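Q: Shown below is the structure under consideration.
Here, each number is a calculation from the coordinates, and none is a lab measurement. As the structure is a prediction and not an experimental result, all values here were calculated from the model. In this analysis, Cβ positions are derived from the backbone assuming ideal geometry, glycine residues included, and neighbour counts consider all displayed protein chains.
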Amino acid sequence: MLSGLVIVDKPQGWTSHDVVGRMRRLAGTRKVGHAGTLDPMATGVLVLGINKATRLLTYIVGTSKTYTATIRLGESTITDDAEGEVTESHSAVDVTDAAIAAGVAALSGTIQQVPSSVSAIKVDGERSYARVRSGQEVKLAARPVTIHRFEVHNVHRVDGGRVIDVDVTVECSSGTYIRALARDLGAGLGAGGHLTVLRRTQVGPYTLDQAHTLAELAEELDVLDMSLAARALMPNRELTEDETIEISYGRRISGGPGAGTPDAATAERPAAAFAPSGELVALLADTGTFAKPVLVFAPGTGPGTGVDAREAK
């Protein structure tokens, strides 16, 4: 059974679900998932898991992301991006480069961010965007996010400075809305703002250099082996032959380097354990002086046949 990750360069205008549907046809399987959505307007890195590799996606979702984007100052939209109608316009002619830099600095580090109301967050069981589109007013709670890097590359003054297009790179924690950054930068400058271009260049260890367009994948389906994917994603532990046998049957073994320390592997951030052959055997969490399997890959079948530890006999 074909299992692994596919790094897609998502085209503009496609939903993440559209891309999953296309991959199901290309891979010939229904078992395909993604590690975090991209808005239809956005392009770039979308990580997909096929078959047993869908088990790795939960550990990718929480990784940091990097984007290149263009923020337009001087106009606000209902969606905080270019897909929504303009709700307010304010001349940005008096907004200086120094003010933009100060606004960017204020939105860097750990901040409280209110997600865009036109988002997939559920409110009383209904998607926020559905409530907004039906005419309801939605107010979402602020949540902490971390902006590791918010760098301005170019400032373009358009139409005599009435609007300003700011090209940026943002590296941020999972759960950050780049649309909301654009909105809040504009609001802080008194001119309003929205996102006009968004391209995701990295998700965790997976970069745009590894990504393929759907057209390229239709010609040749490039699947990243689960062992290679896990090596890049998680702390690694090399097992002995005896440890491989024990773990392959869901048994615990002695803790690895760092066991019992703040850096020890946990169920939320396990270590990838490899047999002497280099095959992925399991994901391990340290519990005191022992390492316990969180996810075991069935013995004798190699990577790509994951089962929960409780299913192993």
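Q: With the chain treated as a Gaussian network of Cα nodes joined by springs under 10 Å, which of D81, D167, D242 yields the largest mean-square fluctuation?
A: Largest GNM mean-square fluctuation: D242.
Q: Can you give me the C-alpha center-to-center distance between region 208-228 and region 6-80, rounded to a whole angstrom?
A: 14
Q: I've got another one for you. With a point put 7 Å past each Cα toward its Cβ, work out how far A102 is from R157 in nm, to one decimal.
A: With each label point 7 Å from Cα toward Cβ, the separation is 1.8 nm.
Q: Turning to a different aspect of this structure: Using modelled amide H (1.01 Å from N, peptide plane; none on Pro or chain starts), what sits under 5 Å from the amide H of G255, excluding residues fewer than 5 places away?
A: Under 5 Å from the amide H of G255 lie the amide H atoms of F290, A291, each far enough along the sequence or on another chain.
Q: How about region 38-124: which GluC sites (Glu not before Pro) there are in a DSSP loop, with at most 11 other Cβ atoms within 10 Å of their Cβ?
A: On the way: sites: E75, E83, E85, E88; in loops: E83, E85.
Qualifying residues, ordered by number: E85.
Q: Follow-up question, since we're still on this one. So how far apart, in nm, are the two label points at T169 and D18 if each is 7 Å from Cα heading toward Cβ?
A: About 2.9 nm separates the two model spin labels.
Q: In whole Hz, what ³J(HN,Hα) sequence does region 57-69 give by Karplus (6.51, -1.76, 1.60; θ = phi - 60°), x for Gly and Pro?
A: Running phi through 6.51 cos²θ - 1.76 cosθ + 1.60 with θ = phi - 60° gives 4, 4, 8, 8, 3, x, 6, 6, 10, 10, 9, 10, 8 Hz.
Q: Work out the count of Lys pairs in the chain where the Cα-Cα distance is under 26 Å, with the pair 8 or more places apart or on different chains.
A: Value for the chain: 15.
Q: Springs between alpha-carbon pairs under 10 angstrom, Gaussian network model over the chain: which of A265, A102, A191 fluctuates most?
A: Sorting by GNM fluctuation, first place goes to A102.
Q: Here are some values of Cα extents along the principal axes in Å: (i) 71, 45, 39; (ii) 53, 45, 35; (iii) 75, 49, 33. Which one was computed from this structure?
A: Only one option fits the structure, namely (i).
Q: Additional query: Sort 22-34, 225-237 by the packing proxy (mean of other Cβ within 10 Å over each peptide's residues), most packed first. List each step's numbers first, then the result.
A: Values: 22-34: 15.8, 225-237: 19.8.
Answer by packing, highest mean first, reads 225-237, 22-34.
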